1. Report the residue count in region 428-446 for those that are in a loop (DSSP other than H, G, I, E, B), open to solvent by 30 Å² or more (accessible area, probe 1.4 Å) and either under 20 Å from residue 385 (Cβ atoms) or within 11 Å of the ligand (Cβ to nearest atom) (or both).
2. So which helices (runs of 4 or more DSSP H) stay within region 1-97 end to end and still have 2 or more residues that are buried (at least 19 other Cβ atoms within 10 Å of the Cβ) and touching a Cys at 6+ places or on another chain (Cβ under 7 Å)?
3. Consider region 267-291. How many of its residues are farther than 15 Å from residue 330 by Cβ and within 25 Å of the chain's Cα centre (by Cα)?
4. Which one of the conditions (1) outside any loop (DSSP other than H, G, I, E, B); (2) more than 10 Å from the ligand (Cβ to nearest atom) does residue 178 fail to meet, given that it meets all the rest?
Amino acid sequence: MGIATINPATGETIKTFEPLNSESIEAKLALAQRAFESYRKTPMTQRSQWLNAAADILERDKVSFGKIMTLEMGKTLKSAIAEAEKCALVCRYYAEHAPEFLADVPATTDASKSFVRYQPLGLILAVMPWNFPFWQVFRFAAPALMAGNVGLLKHASNVPQCALAIEEILAQAGFPEGVFQTLLIGANQVKAVVSDPRVKAATLTGSEPAGASLAATAGEQLKKTVLELGGSDPFIVLESADLDAAVSTAVTARLINNGQSCIAAKRFIVVDAIADEFERRLVEKYQVLKIGDPMDENTDVGPLATPGILEDLDKLVQICIEKGSKVLIGGKPLSDRPGNFYPPTILSNFPPGTPADDEEFFGPVALLFRVKDMEEAIAKANSTSFGLGASAWTTNEDEAERLIEEIEAGAVFINGMVKSDPRLPFGGIKRSGYGRELAIQGIHEFVNVKTVWVK
Ligand code: NAP
């Protein structure tokens, strides 16, 4: 696939872009290196001002940024506008807190003075996915730039206009030329960039194969990586749960971003005692959802981002059905219209060996599992190779404590849906990746933690 804007709601190709050739990439890397040499010396107060200015631009022009996101990847316009607002929030968060997160940390030792100092590493490459085309980039860029690094963005090939808009926002905000650049390149050009000695580290948000490939190249070069990969997050509902709240949240948690979120709830694990009721209410809520044009404010669920995403999802659904799963609603692509529309779908009954065991369903498909008790629920939750987030519903404190302790995931949310928040670290374990973004942990990923000892 080339680099292009293709409207997922219609299939129409709006604009195509030529990938950069090796001379243009070289020029951008040279510019980034020159920019780093002076940018690293800019005072933190100055960086904060620029980042706050970026937040102002995001808030001011959120509707036009929202329209670019919706046009390129199909999320509903209302959610795209909310995404631009959330980007402003993460900019303001790091503009305010980076100075304290990066301040020297004194230690008492045998020296007359010893402390830790945080210093930037240099050029950091961010390989980003299309699903939250602004948010994924800003949650990398805000801490990286505050720490004095410079950013290079290789965005997903289906969101080039988002990638260019982000570069423009940071330039307009006042960041010096070369501090943040978009590289319009294909995935096959990433290896050369990661291998360049001027690039000091890389982060990738996306699929397992992409993460493994980037990490392999970076590993050969002994460069640090942070990987935010896929997930098949459990959503556990125990007998004492507030069922109204659990069912309403289940709908949002599965269908957010047209079902294409790494931390969407994908496997609903419900104890037998309330499973019939949960299932009935969930189906009822799915029946009234409006599927259609993502620019329309009444739309609940828009198209999937690309025909490939739709095909991959449908393949998993059809294998489940062939192996004996039950379709409670949905179950095949909407063929009555152009675009990549897949209806909100609920499947139950999974004989052993279906993809529901260990695959990520990246679209609006809920997998419903019944379990005997909490013991079985935790075992089921932990039974995949992923470990990103988990949501669990109970009003019993002892149960909550046990879920927090025993669920294998980078995040556990009790009585709420998993979400990212600048104030809390975000990331996974197992095959969902390693390293953390956001909060103090995120800004410490791409810095030299320098030990200083003075006698
Ligand atoms: P993807 O194919 O891995 O694409 C993500 C990015 O990686 C794109 O920029 C892509 O470029 C690039 N890429 C692909 N193959 C590569 C390779 N071999 N080497 C270097 N770069 C490569 O991901 P996707 O399928 O579009 O996105 C969905 C996945 O992302 C899901 O698994 C989802 O769970 C995960 N995700 C995780 C998080 C998280 O924070 N944990 C957040 C969002 C999404 P091209 O577009 O040019 O191929």
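The values are calculated or read from the model by the stated rules, or taken from the named source; none is laboratory data. Since this is a predicted model, take the numbers as computed values, not measurements. Please note: Cβ atoms are built from the backbone with ideal geometry, for glycine as well, and neighbour counts cover all protein chains shown. The protein model used for the area step is the full one, side chains on, heavy atoms only, and it has no ligands, DNA or RNA in it. Shrake-Rupley method; radii C 1.70, N 1.55, O 1.52, S 1.80 Å.
1. So the count comes out to 2.
2. 44-60, 62-73
3. 2
4. It is condition (1) that residue 178 fails.
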